[in-house]
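One structure is given here, and the rest of the page talks about it.
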Amino acid sequence: MQTIYSFTQFFNSVCLSHPNIETFNVSDDMFDADTAKQTLFPLAYMVLNNATINGYSAMTYNVNLLVMDRVTDVTQDSTGKFNSITKNYKGVTNLLDVWNTSMMTLSDIIVYIKNNAQPYQFSISDDVILTPFQERLDNALAGFSAVMNITVPFNPSNCLFYNVTDAQADGGINGCN
């Protein structure tokens, strides 16, 4: 049976193996992200939304995986060295670069999980929703989030605990020896 620990450790390993991610965190709110510029960016952030027990054989986690980076102003001027136009680009940000890199990083992670999660018995849903975001915090963060459902084996035991009435019942607890 997969636990939240093994589930998040798998994501930690996959995310930190990607060359575009420096830090991985798990929380219930992305606003817990370090905005004091202590965290190394780009950052992968996993939010566990909920878990559903499917019968008695599987559990499906609904996960929001975010890849984000700081948005910065591009302050360099064009010199006209490679074209005849000299233009001041001051005030333009790298937002599109952050979105592009974040989306491609998430795509890599999703494809990796779909192709390589069998030893961990993880099954990712076919449809993964990718959404761009831009947050205005102490440091402007932007990136992409992926909402996905991941199903893992679940084999609950009715022998983990019992109450005295069940234990004293004739024949003990159903299925326990």
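No lab work stands behind these numbers, since they all come straight from the coordinates. Since this is a predicted model, take the numbers as computed values, not measurements.
Step through the residues of region 121-130 one at a time and calculate ³J(HN,Hα) from phi using the Karplus curve (6.51 cos²θ - 1.76 cosθ + 1.60, θ = phi - 60°), rounding each to whole Hz and writing x for Gly and Pro.
Once rounded to whole Hz, the list reads 6, 9, 10, 8, 5, 5, 9, 10, 8, 9.
Using the Karplus curve 6.51 cos²θ - 1.76 cosθ + 1.60 with θ = phi - 60°, what ³J(HN,Hα) values do you get for each residue of region 55-65, in whole Hz, with x for Gly and Pro?
Going residue by residue, I get x, 10, 10, 8, 10, 10, 8, 9, 10, 10, 9 Hz, with x marking Gly and Pro.
Using modelled amide H (1.01 Å from N, peptide plane; none on Pro or chain starts), what sits under 5 Å from the amide H of Ala58, excluding residues fewer than 5 places away?
Counting only residues 5 or more places away or on other chains, the set is Phe154.
Can you list the residues, at least 5 places off or on another chain, whose amide H is less than 5 Å from the amide H of Val26, using H built in the peptide plane?
Amide H neighbours of Val26: Met46.
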